[in-house]
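The values are calculated or read from the model by the stated rules, or taken from the named source; none is laboratory data. Since the structure is predicted, the reported quantities are computational estimates derived from the model, not experimental observations. Cβ coordinates were reconstructed from backbone atoms using ideal geometry, including for glycine residues, and neighbour counts include every protein chain displayed.
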Amino acid sequence: MKTPDARSLVNRYLDASFLVTKRFDTRIRERVGQTMTTDQFIALRLINEKEQCTPSDLAELLCVGKSSITALVNKLVDRDLVHRAGDERDRRVVYLTLTDHGRKAYRETEQEIQQLLEPYLIHFKPEDVYNFIESFEKLAALLTHEGGPEQK
């Protein structure tokens with residue numbers, strides 16, 4: 001059996017990644033797009049998971065500039081999904097938390113996305129799903145590492 005070259009593997013990854021991302025984003029938008037964008041949902045998820053989330057944290061986690069985060073956070077605040085609170089010791093620091101309405105909207109959207117994606121998982125063995133996710137998380141970690149992948 002011939003081992004595929006790196007170019008072939010990269011192209012297969014790019015093709016599959018683009019197709020999966022595009023199709024899932026489209027289906028998610030069709031399902032929950034009237035109430036929330038994918039970016040807004042991801043932002044709510046990150047704010048929900050991080051105990052003290054600042055706009056800068058959010059910008060870093062979403063890999064976008066601070067001006068983009070300001071616009072996103074403003075929309076979430078205007079919709080009463082997120083609350084801004086200043087740090088008592090440092091007025092320059094702002095923390096983001098979900099409002100009660102934000103938590104409810106987040107849970108409902110999370111449930112919608114779960115129901116949308118779950119049926120696809122039955123086509124895979126559980127260990128294949130775990131292996132795929134672990135490999136994808138490893139790639140994400142390598143891409144996040146500031147110095148690039150470590151040579152071993």
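Summary table below
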| quantity | calculated |
| --- | --- |
| Condition met for Asn74 (free of Cβ contacts under 8 Å to residues at least 24 places away in the same chain and either in a helix (DSSP H, G or I) or in contact with a strand residue (DSSP E or B) (Cβ under 9 Å, 6 or more places away or on another chain) (or both)) | yes |
| The lone exception for Pro55 - which of (1) surrounded by 12 or more Cβ atoms within 10 Å (Cβ to Cβ); (2) out of contact with any Ser or Thr (no Cβ under 9 Å at 6 or more places or on another chain); (3) under 30 Å from Asp87 (Cα atoms) it fails | (2) |
| Positions within the range 2-52 being more than 24 Å from Lys75 (Cα to Cα) and modelled with pLDDT under 85, in sequence order | Lys2, Thr3, Pro4 |
| Residue among Glu112, Glu118, Glu134 that is touching a residue at least 12 places away in the same chain (Cβ under 8 Å), within 29 Å of Leu14 (Cβ to Cβ) and out of contact with any His (no Cβ under 7 Å at 6 or more places or on another chain) | Glu112 |
| Condition met for Ala6 (more than 30 Å from Pro119 (Cβ to Cβ), surrounded by 13 or more Cβ atoms within 10 Å (Cβ to Cβ) and either over 17 Å from the mean Cα position of the chain (by Cα) or of a type in the set (Gly, Ala, Ser) (or both)) | no |
| Matching residues in the range 67-96 - criterion: being surrounded by 13 or more Cβ atoms within 10 Å (Cβ to Cβ) and farther than 18 Å from Thr38 by Cα | His83, Arg84, Val93, Val94, Tyr95, Leu96 |
| Residue within the range 77-95 that is of a type in the set (A, V, I, L, M, F, W, C) and under 22 Å from Ser135 (Cα atoms) present | no |
| Which listed residue is out of contact with any Gly (no Cβ under 9 Å at 6 or more places or on another chain), among the small types (Gly, Ala, Ser) and in contact (Cβ under 8 Å) with a residue 24 or more places away in the chain, from Ala141, Ala105, Ala85 | Ala105 |
| Matching entry among Arg45, Arg29 (being part of a helix (DSSP H, G or I) and surrounded by 14 or more Cβ atoms within 10 Å (Cβ to Cβ)) | Arg45 |
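Yes/no matrix, rows are residues, columns are (1) part of a loop (DSSP other than H, G, I, E, B); (2) at pLDDT 90 or above:
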| residue | (1), (2) |
| --- | --- |
| Asp80 | yes, yes |
| Arg91 | yes, no |
| Leu96 | no, yes |
| His101 | no, yes |
| His123 | yes, yes |
| Val129 | no, yes |
| Ala140 | no, no |
